[in-house]
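These notes are about the structure you will find just below.
The values are calculated or read from the model by the stated rules, or taken from the named source; none is laboratory data. The structure presented is a predicted model; accordingly, all values stated were derived computationally and were not measured. Cβ atoms come from the backbone with ideal geometry, glycine included; neighbour counts cover every protein chain shown.
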Amino acid sequence: MRLIDALDQLARRLVAELDADACIVSRVLGDVLIIVTQFATEGTILNLGQGFLVSDYPLTAEVLRSGEPARLTLADPAVDPSEAELLRELGYAALLMVPLRVAGEQWGLAEAYRKDARAFGDADCATATRLAQIG
């Protein structure tokens with residue numbers, strides 16, 4: 001299976017198995033995160049090819065540095081302002097981020113989104129972490 005096909009399948013599986021509304025899969029290249037594929041239940045396009053500076057998003061940077069998943073919701077008063085602003089721009093209220101590993105190497109990031117502020121739980125983190133190991 002080609003890598004892009006596996007990444008497309010990952011995005012679809014994360015949406016289905018996490019009861020999410022959308023998923024973005026990105027490649028990390030230095031301090032830049034580039035969206036390579038996405039899937040949304042409503043068929044929405046979430047800016048494929050768009051890039052973000054990892055250093056502008058502290059929680060994202062921590063996920064990539066630590067290799068540990070992170071979750072946030074707009075209902076949390078302590079949510080990082082930069083992460084919250086991007087969530088609002090995309091039209092979502094909850095986010096789960098997990099590092100994406102391809103053939104055992106850190107490759108990028110998988111992000112699952114919900115329109116409602118229902119937080120992703122521990123089981124969601126475990127499922128996403130398991131699925132985000134390709135090859």
| said: Take the conditions more than 14 Å from the chain's Cα centre (by Cα), closer than 16 Å to residue 94 by Cβ and not acidic (Asp, Glu) and apply them to residue 60. Does it pass? | reply: no
| note | All-but-one check, residue 75 against (1) more than 20 Å from residue 22 (Cβ to Cβ); (2) more than 15 Å from the chain's Cα centre (by Cα), failing number (1)
| query | What tally of residues in region 1-48 results from selecting those that are in a strand (DSSP E or B) and either loosely packed, with under 14 Cβ neighbours inside 10 Å or polar (S, T, N, Q) (or both)? | reply | 5
| message | Going through 74, 29, 87, 109 one at a time, which residue ends up being among the aliphatic types (A, V, I, L, M), in contact (Cβ under 8 Å) with a residue 60 or more places away in the chain and at negative phi? | response | 109
| said: Can you say whether residue 6 is closer than 15 Å to residue 111 by Cα and in contact (Cβ under 8 Å) with a residue 40 or more places away in the chain, as far as the supplied structure shows? | reply: no
| Does residue 121 qualify as being under 27 Å from residue 43 (Cβ atoms) and not basic (Lys, Arg)? | yes
| Failed item, numbered, when residue 83 is tested on (1) under 18 Å from residue 3 (Cα atoms); (2) at pLDDT below 95; (3) under 15 Å from the mean Cα position of the chain (by Cα) | (1)
| Conditions (1) in contact with a helix residue (DSSP H, G or I) (Cβ under 8 Å, 6 or more places away or on another chain); (2) within 19 Å of residue 129 (Cβ to Cβ); (3) surrounded by fewer than 16 Cβ atoms within 10 Å (Cβ to Cβ): number failed by residue 55 | (2)
| Can residue 93 be described as of a type outside the set (Asp, Glu), in contact (Cβ under 8 Å) with a residue 12 or more places away in the chain and surrounded by 13 or more Cβ atoms within 10 Å (Cβ to Cβ)? | yes
